[in-house]
Amino acid sequence: SLTIGIVGLPNVGKSTLFNALTKNDVLAANYPFATIEPNVGVVGVPDPRIGTLAEVFGSQKTIPATVSFVDIAGIVRGASEGAGLGNKFLANIRESDAICQVIRVFTDPDVVHVEGKVNPADDIETINTELVLADMQTLEKAIPRLEKEARKDKERAALLSAALDAQKVLDEGKTLFAAGVDPEPLQELTLLTTKPFLYVFNVDEEELANEELISSLRAMVAPAEAILMDAKIEAELAELPEEEAAELLAGIGQDEPGLHQLARIGFATLGLQTYLTAGPKEARAWTIPIGATAPQAAGVIHTDFQRGFIKAEIVSFDQLVEAGSMPEAKSRGWVRMEGKEYVMQDGDVVEFRFNV
Ligand code: GDP
């Protein structure tokens with residue numbers, strides 16, 4: 001499954017955030033015998049639609065979609081030259097499907113800042129520079145080889161031209177993601193900065209209400225997504241019973257934990273969406289890539305469902321809720337029969353028909 005790598009300079013709150021995430025680890029809760037790497041946290045993607053579906057169908061339990069985070073230690077200035085845990089660090093990022101940068105905004109005099117002062121823009125620059133340098137090295141190695149291959153092979157010529165374009169962007173110090181470069185033609189080169197980025201700004205509690213600061217931080221990384229949270233409070237929230245957590249949240253003027261936002265935005269950043277199934281046993285969200293067809297969606301439940309796919313009975317979540325029940329949605333003509341070509345929409349409530 002797809003993963004999001006958590007990176008950031010030392011002492012910015014990565015471990016605090018990651019520990020809070022693993023307190024919400026749904027894999028650990030639902031599949032106690034699954035082997036989970038110590039640096040991987042699998043968290044549920046909060047989705048109130050699943051609870052609503054469970055009410056409509058009288059389902060006994062609910063199962064959310066999940067998103068996996070990997071704690072990647074070791075970025076320091078010079079990582080691209082192998083400083084610190086440089087090489088291991090780069091290899092770990094290469095295996096991630098998106099990059100979540102944790103940026104320190106909180107100003108605790110007791111917590112040393114590696115660069116001597118809290119400066120979010122500089123820290124983003126430091127991290128991006130290491131990633132850009134690593135990609136430049138990859139391209140410097142690949143381009144001479146691609147030049148040779150391109151003389152004989154048109155497809156290689158296309159890759160070469162994409163690589164040369166990418167090199168120009170990196171030379172300007174920009175990440176390929178920020179420059180909007182299409183990752184598809186470059187895939188084989190496993191570059192780092194084509195991956196989607198998102199940012200967690202670890203702020204002080206009071207700063208969560210500072211509109212001016214919030215918009216300036218968002219603007220700093222736009223069009224990438226930014227999530228603002230106080231990692232220390234998130235860690236506390238993750239350990240509290242639901243009611244007390246709600247009180248603490250209200251106390252700091254928030255409607256939902258930052259971790260919930262992170263899970264949702266992370267999931268979307270990976271290019272994923274969900275469809276829903278429900279019955280007396282469970283109401284569940286299933287993960288598919290945006291653009292998946294109905295048979296591909298069926299294959300996520302079981303490969304036999306994809307192989308034997310006949311059709312899918314689909315109603316949108318909103319219409320199902322408006323109708324109040326499946327039979328009522330049917331009698332209103334809101335339940336559609338969709339075939340093999342149908343492209344799934346987020347929130348489709350589905351029952352597959354298939355041959356076994
Ligand atoms: P890492 O090196 O990036 O993994 O950082 P840690 O999670 O170990 O945090 C470094 C120190 O900063 C620890 O003492 C944390 O308790 C503290 N810290 C982390 N997040 C916050 C925060 O949001 N506010 C404050 N004041 N301290 C924090």
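For the stretch 105-230, the relative contact order works out to 24 percent when only alpha carbon pairs closer than 8 Å and six or more residues apart are counted.
Based on C-alpha pairs under 8 angstrom that are at least 6 apart in sequence, the stretch 197-344 has a relative contact order of 16 percent.
The fewest-to-most ranking of VAL56, VAL112 by surrounding Cβ atoms within 10 Å reads VAL112, VAL56. Around the Cα centre of the chain, unit charges on the Cβ atoms of Lys, Arg, Asp and Glu (plus for the first two, minus for the last two) sum to a dipole of about 1820 debye. Rounded to 0.05, the FRET efficiency of the GLN137 and LYS330 pair, given R0 = 56 Å and the Cβ-Cβ distance, is 0.40.
Of all lysines in the structure, the ones whose alpha carbon falls short of 30 Å from that of LYS154, not counting any fewer than 8 places away in one chain, are LYS141, LYS168, LYS174, LYS195. Sorted ascending by nearby beta carbons within 10 Å, beginning with the fewest, GLU256, GLU225 become GLU256, GLU225. Using C-alpha pairs below 8 Å separated by at least 6 residues, the relative contact order for the stretch 291-354 is 48 percent.
Full extension of the segment from SER215 to GLN296, taken as 0.36 nm per residue of separation minus the current Cα-Cα distance, would add 25.2 nm. Computed extension gain for ALA157 through ALA222, at 0.36 nm per residue and net of the alpha carbon distance, reaches 20.1 nm. Mind running the shape call on the stretch 214-356? Use the C-alpha gyration tensor, a ≥ b ≥ c as the square roots of the eigenvalues: rounded below 1.5 for a/c, prolate if a/b tops b/c, oblate otherwise. Note, shape of the stretch 214-356 comes out prolate. In this label model, VAL343 and ARG94 are separated by 3.3 nm, measuring between points 7 Å along each Cα→Cβ vector.
Values quoted throughout were computed directly from the atomic coordinates according to the rules given, and no laboratory measurement underlies them. Because the structure is a prediction, the values reported are computed rather than measured. We place every Cβ from the backbone using ideal geometry, glycine too, and count neighbours over all the protein chains shown.
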